[in-house]
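Below is one structure, written out as structure tokens; the observations come after it.
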Amino acid sequence: MTQLPILDLTEQTSPVTEIESDGFKGQYAFVSLGCPKNLVDSEKMLGTLAVDGYSLVANPEGSDFVIINTCGFIESSRKESFDVIEEMLELKRQGKTKGVIVAGCLPERIGGDLRDRLPEIDHVVGVFGRDEISKVADRLVGHHNEQRDLFRPAPIRAMDDRARLRITPAHFAYLKISEGCNRTCTFCSIPKMRGKHVTKPIEAIIEEARELAADGVKELILVAQDTTYYGMDLYGEVRLVDLLNELEQVEGIQWIRLMYLYPVNFTDALIDKIATSSKIIPYLDMPLQHINSKVLKRMQRRVDRDRTIELVEKLRTRIPNLVLRTTFVVGFPGETDEQFEELREFVKNTRFQRMGVFPYSIEPGTPAVKLDGHLPEEIKQQRVETLMADQQQIAFDFGESLVGYELDVLIDEEVEPGLWQGRTYADTPEIDGTVYVQGEGLQIGEFVPVEIIGTQDYDLVGVVASDEEDDEV
């Protein structure tokens, strides 16, 4: 069997694991695919199943059932989901597991056609049926074959993400501040899967943050489909600054990292908050998707070249030591050679410290499918490789610029005795680079002052700093 992200939480501690369950009902394996927002849903399902008497095992072979929380965002992610489903179904055919439950975005995207396509799937659960996962498991182990599809409408109130059994290490966690998206980007299928934007109330988020802090979390990573829109639907105005003011007061949290910041609603108050906060780190993930105004208009991004450049310059001017991460889509229908070259020049001039590039993917049901000027796959892939080659040297230069400085590093794991792996504020888990730290007696989840002494491609190499006074970034 190929390497799969089968969850193994034998060393994980979480308040959920100590809640008395309803008694042992069975054991299951779990595969979580997709983005951090999907990961939060996985953690909520794990918590629900733990409370209801189901035991998680690392090996699907011999389990009562397997749950796959799928991604359906783009074609490549759907293919990965189907590959994992097929692999788990093969285990079922061999009698090595008794059932397969498919949950999440892929069922929400495809609907009831999923079981028509793969009838050996025992149960299908949509995105908003996640809180009823135990009922689905009960039906499977009880051999009840009715109601094999569970879909619920998108909620009008934010779902409760507390009492999760976390997949992440104890010292960092993702905190979902809203669900869904009101944007109408022509290439994106997320609103079809996740519904309209629904803000989680500030009070509920603070309760969740306190629960996570009590569980040892030091780094909170705020995620949403559109973070800068936070509060608009619930309060009638954007309230991200108010939320951040409250989160700063949660004891135990030392880093607050902001992800998925749409370039609209980026207020001066928000910029000032980030610039002056002792906990909100100067790292911003702001997907821009393109720079050419015509392409942005066809994407229906509601920004243009001038506004984008103005915002980036304002952020860089007003937030000290800012690290910017962004993503771009290349090969969008109608993108000309000249427009792609404009994007290349923008990337070279702006020098984003972190960047990802994706080829345009035809997503059934999205408006972009009907646009003219669709490009061959080989051109799209060539543009990805060209832009990433441009970015590679920029990223390497950024790493080299840190050599000789002392940075705080959050230790994530011990690689071998005396060698540790951690992250600076410039690094989001499993997305950006890492720092290999030489030192004795360190602790996972500890912040350590590290002198950067070299680089390894996208990663840094450092040693624990001495007590002598050093330069700091």
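The values are calculated or read from the model by the stated rules, or taken from the named source; none is laboratory data. Quantities reported herein were computed from a predicted structural model and do not represent experimental measurements. Using ideal geometry, Cβ is built from the backbone for each residue, glycine included, and neighbour counts are taken over all protein chains shown. Side chains included, ligands, DNA and RNA excluded: accessible areas come from the protein's heavy atoms. Shrake-Rupley method; radii C 1.70, N 1.55, O 1.52, S 1.80 Å.
Considering only the stretch 209-227, state which residues are within 18 Å of the chain's Cα centre (by Cα), assigned to a helix (DSSP H, G or I) and within 14 Å of residue 166 (Cα to Cα).
Within the stretch 209-227, 209, 212 meet the criteria.
Can you pull out the residues in the stretch 425-451 that are outside any loop (DSSP other than H, G, I, E, B), touching a residue at least 40 places away in the same chain (Cβ under 8 Å) and among the β-branched types (Val, Ile, Thr)?
448, 450, listed by residue number.
Closer than 16 Å to residue 41 by Cβ and open to solvent by 30 Å² or more (accessible area, probe 1.4 Å), is that true of residue 166?
No: the conditions fail for residue 166.
Could you check how many residues of the stretch 335-348 are among the β-branched types (Val, Ile, Thr) and buried (at least 18 other Cβ atoms within 10 Å of the Cβ)?
Qualifying residue count, the stretch 335-348: 1.
Looking only at strands (runs of 3 or more DSSP E) that lie completely in the stretch 249-334, which have at least 1 residues being polar (S, T, N, Q) and surrounded by 20 or more Cβ atoms within 10 Å (Cβ to Cβ)?
By residue number, 323-330.
Where the second residue is in a strand (DSSP E or B) and open to solvent by 30 Å² or more (accessible area, probe 1.4 Å) and the first is within 22 Å of residue 424 (Cα to Cα) and at pLDDT below 95 and lies in the stretch 301-325, which pairs have Cβ atoms under 7 Å and are six or more apart or on separate chains?
Qualifying pairs under 7 Å: none.
Okay, residues lined up against (1) over 26 Å from the mean Cα position of the chain (by Cα); (2) of a type in the set (A, V, I, L, M):
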| position | (1), (2) |
| --- | --- |
| 291 | no, yes |
| 316 | no, no |
| 319 | no, yes |
| 334 | yes, no |
| 351 | no, no |
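Quick one: would you say residue 461 is of a type in the set (A, V, I, L, M, F, W, C) and assigned to a loop (DSSP other than H, G, I, E, B)?
Against the criterion (of a type in the set (A, V, I, L, M, F, W, C) and assigned to a loop (DSSP other than H, G, I, E, B)), residue 461 does not qualify.
Could you please tell me which pairs satisfy a Cβ distance under 6 Å, a separation of 6+ or placement on different chains, a first residue in the stretch 260-282 that is closer than 23 Å to residue 328 by Cα and without any contact (Cβ under 8 Å) to a residue 24 or more places away in the chain, and a second residue that is of a type in the set (Asp, Glu) and buried (at least 16 other Cβ atoms within 10 Å of the Cβ)?
Hits for this filter: zero, empty list.
So which of 74, 67, 121, 101 ends up being β-branched (Val, Ile, Thr), out of contact with any Phe, Trp or Tyr (no Cβ under 9 Å at 6 or more places or on another chain) and either under 21 Å from residue 149 (Cβ atoms) or at pLDDT below 95 (or both)?
121 is the lone residue from the list that is β-branched (Val, Ile, Thr), out of contact with any Phe, Trp or Tyr (no Cβ under 9 Å at 6 or more places or on another chain) and either under 21 Å from residue 149 (Cβ atoms) or at pLDDT below 95 (or both).
Please enumerate the residues belonging to the stretch 384-422 that are closer than 26 Å to residue 352 by Cα and touching an Asp or Glu at 6+ places or on another chain (Cβ under 8 Å).
Scanning the stretch 384-422 gives 396, 399, 404, 405, 406, 407, 410, 411, 421, 422.
Within the stretch 85-102, track down each residue that is part of a helix (DSSP H, G or I) and surrounded by fewer than 24 Cβ atoms within 10 Å (Cβ to Cβ).
85, 86, 87, 89, 90, 91, 92, 93
For the stretch 108-127, enumerate the residues that are in contact with an Asp or Glu (Cβ under 8 Å, 6 or more places away or on another chain) and open to solvent by 20 Å² or more (accessible area, probe 1.4 Å). Lay out the reasoning, then the answer.
The first filter runs over the stretch 108-127 and keeps only residues in contact with an Asp or Glu (Cβ under 8 Å, 6 or more places away or on another chain), leaving 112, 115, 118, 123-127.
Scanning the stretch 108-127 gives 112, 115, 118.
Only one of (1) surrounded by 21 or more Cβ atoms within 10 Å (Cβ to Cβ); (2) touching an Asp or Glu at 6+ places or on another chain (Cβ under 6 Å) fails for residue 178. Which number is that?
Tallying (1) surrounded by 21 or more Cβ atoms within 10 Å (Cβ to Cβ); (2) touching an Asp or Glu at 6+ places or on another chain (Cβ under 6 Å), residue 178 fails exactly one: (2).
Out of the stretch 349-393, which residues are among the basic types (Lys, Arg) and either surrounded by 13 or more Cβ atoms within 10 Å (Cβ to Cβ) or at pLDDT below 95 (or both)?
351, 354, 380, 383, listed by residue number.
Would you mind finding the one in 422, 454 that is part of a strand (DSSP E or B) and more than 24 Å from the chain's Cα centre (by Cα)?
454
Scanning for something farther than 19 Å from residue 432 by Cα, at pLDDT 95 or above, acidic (Asp, Glu) and under 24 Å from the mean Cα position of the chain (by Cα), does the stretch 236-246 turn up at least one residue? Full working, then the answer.
First pass over the stretch 236-246, keeping only residues farther than 19 Å from residue 432 by Cα: 236-246.
Now restrict to residues that are at pLDDT 95 or above: 236-246.
Filter once more, so that each one left must be acidic (Asp, Glu): 237, 242, 246.
Within this subset, residues satisfying the condition of being under 24 Å from the mean Cα position of the chain (by Cα) are 242, 246.
Checked against the condition, which is being farther than 19 Å from residue 432 by Cα, at pLDDT 95 or above, acidic (Asp, Glu) and under 24 Å from the mean Cα position of the chain (by Cα), the stretch 236-246 yields at least one hit.
Considering each of 173, 204, 209, 214 in turn, give the residue that is modelled with pLDDT of 95 or more, open to solvent by 60 Å² or more (accessible area, probe 1.4 Å) and among the hydrophobic types (A, V, I, L, M, F, W, C).
The unique qualifying residue is 214.
Name the single residue that is nearest to the chain's Cα centre (by Cα) among those in the stretch 60-81 being assigned to a helix (DSSP H, G or I) and either crowded, with 19+ Cβ neighbours inside 10 Å or touching a residue at least 40 places away in the same chain (Cβ under 8 Å) (or both).
Applying the filter and picking the extreme gives 77.
Quick test of your reading of the structure: residue 131 fulfils all but one of (1) over 30 Å from residue 235 (Cβ atoms); (2) assigned to a helix (DSSP H, G or I). Name the failing condition by number.
(1)
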